[in-house]
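One structure below.
The values are calculated or read from the model by the stated rules, or taken from the named source; none is laboratory data. Quick caveat, the model's predicted, so the values are computed rather than measured. Don't worry about glycine lacking a Cβ; one is built from the backbone with ideal geometry, like all the others, and counts go over all protein chains shown. For accessibility, only protein heavy atoms count, side chains too; no ligands or nucleic acids. Shrake-Rupley method; radii C 1.70, N 1.55, O 1.52, S 1.80 Å.
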Amino acid sequence: MAQPGSLNLTISGTGRQYGVATGTDDAAATDTPVAFSGSADALTFGSATQSISVNVAAAGETTLTLDLSDPKTWRLSAEAGGMDPIETVPPVIYLSGVQPDWDFNNYLKLYNEDNRTYGGALEVNSEWGYRIYTEADAWDNYWTMVDGGTAFSGNLVNGGEGNIAAPEPGFYLFDVNMGDLTYHVTPVTKVSFTGVNDDWNLYDMTPTGEPGVYTATFEKKANTPWGVKIIINEDWNLFFGGNGTPGELALYHDGFEGDNDLPDGTHTLTVNLSKGTYSYEN
C-alpha cells in the first residue's frame with residue numbers, strides 16, 4: 001500500500017459441490033459460489049460476497065494472511081513486508097558419474113517432498129565415483145561424500161573435494177535424503193511383484209537386458225483392491241508403489257493401479273526401475 005490505513009477486500013471463488021447424486025465424479029459436481037464475510041477477526045464462510053476491512057499498519061509491501069488453523073475463529077491479517085521466498089524442491093536429482101560419461105541421464109525421483117528424499121535403481125559402472133546435482137548442467141553446484149563414507153552409505157556435503165565412492169559395477173537401489181544429507185545404496189539381486197488378484201505372494205520378474213527393465217506374465221482373475229507393489233530382494237521394506245500418476249512408480253509408496261481395468265486373461269507387466277515407470281500389455 002502507498003500509505004497505512006484500512007484495506008477493504010473481498011475473498012470469493014467457485015467451489016465444486018458433491019452429493020449422493022454426483023458421488024465422487026468431478027464432472028458431475030455442481031459449480032457453487034463460495035466467499036468469506038464478517039470481520040477480519042471473525043470471518044464466516046458462505047456464498048455471499050462481502051467487503052472485509054483489514055488494518056495495514058505501514059506503507060509498502062504487505063503480506064496478507066488468511067488463517068484457517070482454528071476452526072472456531074478464522075482471521076484475516078496484514079503484516080508489513082513480503083513473504084519469505086518458498087523453497088522449491090526439485091522433482092529429480094542427478095547422479096553424474098555413475099556411468100563413464102559424466103552427464104545428466106541418470107536420476108532419482110522425489111518420493112517424499114517433506115523430507116526431500118529421492119529414490120530409484122540405477123546401473124552403475126563408474127571408475128571415479130559420482131556427484132549429486134539438483135540441476136542439470138549446473139556443474140559448480142554439487143554434493144559429494146563426507147570423509148568416512150562408503151560406497152553403500154554416508155553423509156553428503158555441498159561442494160568439497162572428491163566424489164562419492166561408487167560400488168562395483170552392477171544394478172543398485174539408491175535412497176538419498178537431501179534433507180539430512182545422507183545416502184544409502186543396496187545391490188539389487190531380485191525383483192518381484194505382488195498384489196495382483198489380491199494375491200500377496202511374491203512372483204519373480206525377469207530382467208530384459210535393458211538396465212532397470214523387468215517383465216512378468218500373469219493371469220488376471222480378480223480385482224486388485226490394494227494395488228501392486230514391486231519388491232526388491234524379497235525384502236518387504238524395499239519396494240516401489242505408485243505416485244498417483246498412472247504409469248509412474250515411486251519408492252516406498254502404496255501399490256499402483258491399472259490392472260483392474262484389464263480383462264480377465266494373460267497380461268504382461270513391465271517396470272523400468274531406472275526411469276520409474278510401469279505398463280501393462282495384453
Distance from the stretch 46-80 to the stretch 171-222 (C-alpha centre basis), Å: 49 Å
Charge dipole (debye, nearest 20) of the stretch 91-207; +1 at Cβ of Lys and Arg, -1 at Cβ of Asp and Glu: 120 debye
Electrostatic dipole magnitude of the stretch 179-275 [Cβ: Lys, Arg +1; Asp, Glu -1; Cα centre; debye, to 20]: 180 debye
Sites Ala222 and Trp102 - FRET efficiency at Förster radius 45 Å, r taken between beta-carbons, to 0.05: 0.40
Accessible surface ranking that places the most exposed of Asp101, Asp175, Asp140 first, with a 1.4 angstrom probe: Asp140, Asp101, Asp175
Shape of the stretch 144-282, Cα gyration tensor, a/c cut at 1.5: prolate
Two-site FRET efficiency, Ala21 against Glu127, from Cβ-Cβ distance with R₀ of 51 Å, rounded to 0.05: 0.20
Of (1) 1.01; (2) 0.97; (3) 1.36, the label for Cα Rg over 2.2 N^0.38 Å derived from the coordinates: (3)
Relative packing of 37-45, 190-198, which averages over residues the other C-beta atoms within 10 Å, highest first: 190-198, 37-45
Fully extended contour minus Cα-Cα distance, from Ala42 to Ser12, at 0.36 nm per residue: 9.2 nm
Mean Cβ count within 10 Å, highest first, over the residues of peptides 117-130, 6-19, 201-214: 117-130, 201-214, 6-19
Gained length - Thr215 relative to Thr189, 0.36 nm times residue gap less alpha-carbon distance: 7.9 nm
Protection proxy ranking of 146-152, 268-274 - average other beta-carbon atoms within 10 Å, highest first: 268-274, 146-152
The chain - charge dipole about Cα centre, Lys and Arg +1 at Cβ, Asp and Glu -1, debye rounded to 20: 580 debye
Close Lys-Lys pairs in the chain, where close means Cα under 18 Å and separation is 8 or more or interchain: 7
Over the chain, relative contact order from alpha-carbon pairs under 8 Å, at least 6 apart, %: 11 percent
FRET E, pair Asn141, Glu281, Förster distance 41 Å, beta-carbon r, rounded to 0.05: 0.50
